[in-house]
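Every number here is computed from the coordinates shown, using simple stated rules; none is lab data. Given the structure is predicted, the values throughout are model-derived calculations rather than measurements. Neighbour counts are summed over all protein chains in view; Cβ atoms, including those assigned to glycine, are modelled from backbone coordinates with ideal geometry.
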Amino acid sequence: MKEFPLGPYTRIGRHPSQDVQVLDRLVSKEHCIIEYKNGHYVMTDLTSRNGTLVNNRVVDRPVILSNGDNITLGSTQLVYIAQPTEEVALSRVTIDPQEPLSPMRSAVVTSGVDFKPEYEISDLGVLRGDYEKLRLAFMLNQEVALEVNLNRLLKKINEVLFRAFQIDRSIIFLIDGYTKELLPKNIKTAEGEDDSENIRVSHTILEKVLREKTAILSSDAMYDDRFVDSHSVIMQGIRSTMTVPLLSSEDKVLGVIHMDSHVATNVFTERDLQIIQGFSRQAALAIENSLLLENIRQQELARIQYERLLSPAVVEKIVNGKVDIQKGGELRRVT
């Protein structure tokens with residue numbers, strides 16, 4: 001039995017170019033796809049010659065897969081096995097919509113001062129700490145630059161952030177391309193944290209970061225008057241937070257990285273914020289590239305579907321958004 005991990009966009013068919021190649025003469029070269037949408041894996045048949053079945057039902061429209069679903073492609077049987085751990089973890093994260101936005105002063109951001117030369121630093125421990133964080137940031141930049149799978153990319157970002165900073169939780173939010181809603185996409189918690197506890201992230205903090213495209217650092221969030229009305233900060237006993245925007249190459253907000261600690265105050269410094277701001281820019285560019293690649297794949301999928309029915313010229317206009325196709329039609333008498 002073979003196992004095939006699913007990415008955000010998985011192509012299945014007989015052709016070697018497919019992400020999952022099925023060597024079955026009854027399977028079309030480009031048979032179907034499985035996409036990750038809004039927290040679910042969705043299967044779509046690509047008008048294959050012999051069709052696709054899920055639990056013995058013909059797939060004539062996109063189908064949300066559930067754990068244990070039996071998928072039939074030609075004479076080949078597949079079983080969808082869900083990996084619920086990450087999805088369950090993400091379902092614990094909510095943005096508190098009831099929090100009033102209290103008057104805020106400008107966010108604490110980096111001063112822009114570069115790291116001092118080694119000879120100007122008398123504390124060797126500080127020097128070593130700065131070096132270690134820069135080393136980890138550089139290592140993460142290398143890993144991010146080589147990763148195009150969005151899920152793995154976000155996971156790597158959080159893993160290295162935990163190695164670089166003393167944090168209890170790190171959550172990466174991305175703005176949904178269709179709904180424009182800010183959604184949690186990856187979360188990592190420290191060992192010993194309660195995995196069943198619901199995580200309420202401050203709307204106050206996130207809204208300010210998104211609106212002003214600026215990073216926020218709070219050494220003691222419970223006593224920071226910028227978040228004095230923030231229910232989630234107070235109830236969860238959060239002592240320190242660091243939140244930075246993910247900005248694209250065109251300075252568009254793609255999402256937010258939010259880290260917090262409820263163990264101690266003054267966990268984060270402005271030097272930490274300077275490091276994470278530099279890294280977040282690199283991470284955002286990698287995320288942007290991953291989303292661009294997925295968009296190209298979506299266009300490729302649309303082209304494959306329409307080429308079987310329409311002329312190449314019309315297909316090109318549809319793929320480029322120059323022509324909009326909608327469901328419906330009417331009967332007309334023609335000669």
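Peptides 51-63, 200-212, 284-296: what's the order by average Cβ count within 10 Å, highest mean first? Write down the numbers at each step before the final one.
Values: 51-63: 14.4, 200-212: 20.6, 284-296: 17.5.
Descending mean neighbour count gives 200-212, 284-296, 51-63.
Which order do PHE138, PHE165, PHE279 fall in if you start with the one that has the fewest other Cβ atoms within 10 Å?
Working: PHE138 12, PHE165 19, PHE279 24.
Ranked by crowding around the Cβ, least crowded first: PHE138, PHE165, PHE279.
Roughly what percent of Cα-Cα pairs across region 9-82 reach past 14 Å? Working shown, then result.
Details: 1485 of 2701 pairs.
Result for the distance tail: 55 percent.
At a Förster distance of 51 Å, what's the computed FRET efficiency of LEU309 paired with ARG211, Cβ-Cβ distance as r, to 0.05?
On the way: r = 45 Å, r/R0 = 0.88.
Between LEU309 and ARG211 the formula returns 0.70.
Is region 1-49 rounded, prolate or oblate when judged by the Cα gyration tensor, a ≥ b ≥ c being the square roots of its eigenvalues, rounded requiring a/c under 1.5 and prolate requiring a/b larger than b/c? Could the numbers behind the result be given before it?
Numbers: a/c = 2.34, a/b = 1.46, b/c = 1.60.
Here region 1-49 falls in the oblate category.
Quick check for me: using +1 on Lys/Arg Cβ and -1 on Asp/Glu Cβ, what's the dipole size of region 9-82 about its Cα centre, in debye to the nearest 20? Don't skip to the answer; put the middle values down first.
On the way: 8 positive and 7 negative charges, 30 e Å.
Charge dipole of region 9-82: 140 debye, to the nearest 20.
For region 157-188, which trypsin sites (Lys or Arg not before Pro) pass both filters: DSSP loop (anything but H, G, I, E, B) and at most 16 other C-beta atoms within 10 Å? It would help to have the intermediate numbers written out before the result.
Working: sites: ARG163, ARG169, LYS180, LYS185, LYS188; in loops: LYS180.
For trypsin sites (Lys or Arg not before Pro) across region 157-188 that sit outside H, G, I, E and B with at most 16 neighbouring Cβ atoms in 10 Å, the list reads LYS180.
Taking R0 as 45 Å, what FRET efficiency do you get between ARG333 and LYS29 from their Cβ-Cβ distance, rounded to the nearest 0.05?
Working: r = 39 Å, r/R0 = 0.86.
Here the calculated transfer efficiency is 0.70.
Here are some pairs, LYS2/LYS188; LYS2/LYS37; LYS37/LYS317; which of them have Cα atoms lying more than 27 Å apart in this structure? It would help to have the intermediate numbers written out before the result.
Values: LYS2/LYS188 29 Å; LYS2/LYS37 24 Å; LYS37/LYS317 25 Å.
Long pairs (Cα-Cα over 27 Å): LYS2/LYS188.
R0 = 22 Å: FRET efficiency of ILE296 with ILE64, Cβ-based, nearest 0.05?
0.35
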